[in-house]
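Below is one structure, written out as structure tokens; the observations come after it.
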Amino acid sequence: MRNLFIVNDHSSHPLDVDVMRKRAESCLEGDVEFAHIGGKNDFHDAIRRAGESGEEVRVFACGGDGTLNAVIQDTIGYDNISVTNFACGTGNDYLKRFDRPEEFQKVESFSEVEESLVDVIRLNDRYSANVVCFGFDARVCETYEKLRPIRFIGRFGYHIGCVISILRGVFQPCRVELDDGYVHDDDVTLVCVCNNGWYGGSYNPSPEANVKDGMLDVIICKRISRFTMVRIISKYKKGLHDRISPKILEYRRVRSLRITPKNPSPFNLDGELITADAAEIEVLPAKMRFFYPKSVREIDP
């Protein structure tokens, strides 16, 4: 067994690698290796070597949801690699599906682990473990990325980004086609495609989302005014979509969809941004091996 730690040196809670290495070597079974995102020890090559070795490898994505996203771009496709999120980022929303997410902050917690096969989202040639967003939420993420370097922003950055994006305008033209035959070809405020239900630190628009059901929970918010956005955002945040008029919000469960904006636009994948003129999105059932401390329990939606 090998343990490969991928450390995001730009995470909000930087790690002391020397201390981490000593703890890992003392309590984990097998060899311990470290690679860095943005460092000389390139993590892409480290994952490729691990995958091509054929031996069992556990990869620790040390950072937030964006770090986990960066890691799975390389690990998907290697059956001998399992992945986890060692929580030291601004947001670790993927871990909110466990009853004790704080356990993912301790190396010692991983001395005994369990493992699950979980779904991932594919968007064109990219992957997402958690949520894909288009429209308002992607523009919020885009604004947040510009604010992130400001030291005091921290976990309030997403909320500040929301305010700025509301002031700039909340809808854009787009065509959304779902595999169940539903088509929306008009302005949209946002499209949120959920594998897991949480994102943005405190948003849980799809409490029913389940990473093991082979389905995507899709929320389409149609063209609305700034006033309506402010009025419904609390309900959206809590996943109370049944309390929002279907004239405003459409909630469906599908396996695939296509989003075609009028112009190339940002898409948010677990906090990471890409720009695309069209997005083919589908669920890949049981595509990722995810391991977690034996001391925690998965929460059923």
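Looking at H44, H36, H13, just one residue is under 22 Å from the mean Cα position of the chain (by Cα) and more than 23 Å from I274 (Cβ to Cβ), and that residue is H13.
Listed here are the residues, each with its yes/no results for (1) hydrophobic (A, V, I, L, M, F, W, C); (2) outside any strand (DSSP E or B).
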| site | (1), (2) |
| --- | --- |
| K247 | no, yes |
| Y251 | no, no |
| I259 | yes, no |
| F267 | yes, no |
| I274 | yes, no |
| E280 | no, no |
| V283 | yes, no |
| V296 | yes, yes |
| D300 | no, yes |
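Inspection of the stretch 220-227 identifies at least one residue that is touching a helix residue (DSSP H, G or I) at 6+ places or on another chain (Cβ under 6 Å) and in the same structural domain as E177 (by TED's automatic domain parsing). Within the stretch 29-50, being more than 16 Å from F110 (Cα to Cα), surrounded by fewer than 19 Cβ atoms within 10 Å (Cβ to Cβ) and of a type outside the set (K, R) holds for H36, G38, G39, N41, D42, H44, D45. Within the stretch 47-76, the set of residues being of a type outside the set (K, R), more than 18 Å from the chain's Cα centre (by Cα) and not in a helix (DSSP H, G or I) comprises G54, E55, E56, V57.
For every residue, the table says whether it meets (1) within 21 Å of A129 (Cα to Cα); (2) surrounded by 18 or more Cβ atoms within 10 Å (Cβ to Cβ); (3) not acidic (D, E).
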{"site": "V191", "(1), (2), (3)": "yes, yes, yes"}
{"site": "N204", "(1), (2), (3)": "yes, yes, yes"}
{"site": "E208", "(1), (2), (3)": "yes, no, no"}
{"site": "D217", "(1), (2), (3)": "yes, yes, no"}
{"site": "P246", "(1), (2), (3)": "no, no, yes"}
{"site": "S256", "(1), (2), (3)": "yes, no, yes"}
{"site": "P264", "(1), (2), (3)": "no, no, yes"}
{"site": "K287", "(1), (2), (3)": "yes, no, yes"}
{"site": "I299", "(1), (2), (3)": "yes, no, yes"}
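Would you please list the contacts, defined by Cβ atoms under 8 Å and residues six or more apart or on different chains, that run from a residue in the stretch 15-28 that is farther than 16 Å from G63 by Cα and surrounded by 14 or more Cβ atoms within 10 Å (Cβ to Cβ) to a residue that is of a type in the set (G, A, S) and at pLDDT 95 or above? These pairs meet every condition: C27/S111; L28/S111.
Of V170, V188, which residue is closer than 30 Å to N92 by Cβ, among the aliphatic types (A, V, I, L, M), free of Cβ contacts under 8 Å to residues at least 60 places away in the same chain and not in a strand (DSSP E or B)? So that I can check it myself, show each step before the final result.
Numbers: V188 fails: not in a strand (DSSP E or B).
The conditions single out V170.
Taking the stretch 228-249 as the region of interest, how many residues are touching a residue at least 40 places away in the same chain (Cβ under 8 Å) and in contact with a helix residue (DSSP H, G or I) (Cβ under 9 Å, 6 or more places away or on another chain)? Explain how you work it out, then say what you get.
Our first condition is that a residue be touching a residue at least 40 places away in the same chain (Cβ under 8 Å); within the stretch 228-249, this holds for 229-230, 233, 239.
Restricting the remaining residues to those that are in contact with a helix residue (DSSP H, G or I) (Cβ under 9 Å, 6 or more places away or on another chain) gives 229-230, 233.
Matching residues across the stretch 228-249 total 3.
Does the stretch 272-295 hold any residues that are more than 30 Å from L28 (Cα to Cα) and in contact with a strand residue (DSSP E or B) (Cβ under 8 Å, 6 or more places away or on another chain), and which are they? I'd like the intermediate steps shown before the answer.
First pass over the stretch 272-295, keeping only residues more than 30 Å from L28 (Cα to Cα): 272-284.
Of everything in the stretch 272-295, those that are more than 30 Å from L28 (Cα to Cα) and in contact with a strand residue (DSSP E or B) (Cβ under 8 Å, 6 or more places away or on another chain) turn out to be L273, I274, T275, A276, D277, A278, A279, E280, I281, E282, V283, L284.
Close contacts from the stretch 99-124, counting a first residue that is free of Cβ contacts under 8 Å to residues at least 40 places away in the same chain and a second that is exposed (fewer than 14 other Cβ atoms within 10 Å of the Cβ), with Cβ to Cβ under 9 Å and a gap of 6+ residues or different chains, come to Q105/H13. The set of residues in the stretch 116-159 being at pLDDT 95 or above and within 25 Å of L15 (Cα to Cα) consists of S128, A129, N130.
The values are calculated or read from the model by the stated rules, or taken from the named source; none is laboratory data. Being a predicted model, the structure only gives us computed values, none of them experimental. A quick note on method: Cβ atoms are made from the backbone with ideal geometry, for glycine too, and the neighbour counts reach across all protein chains shown.
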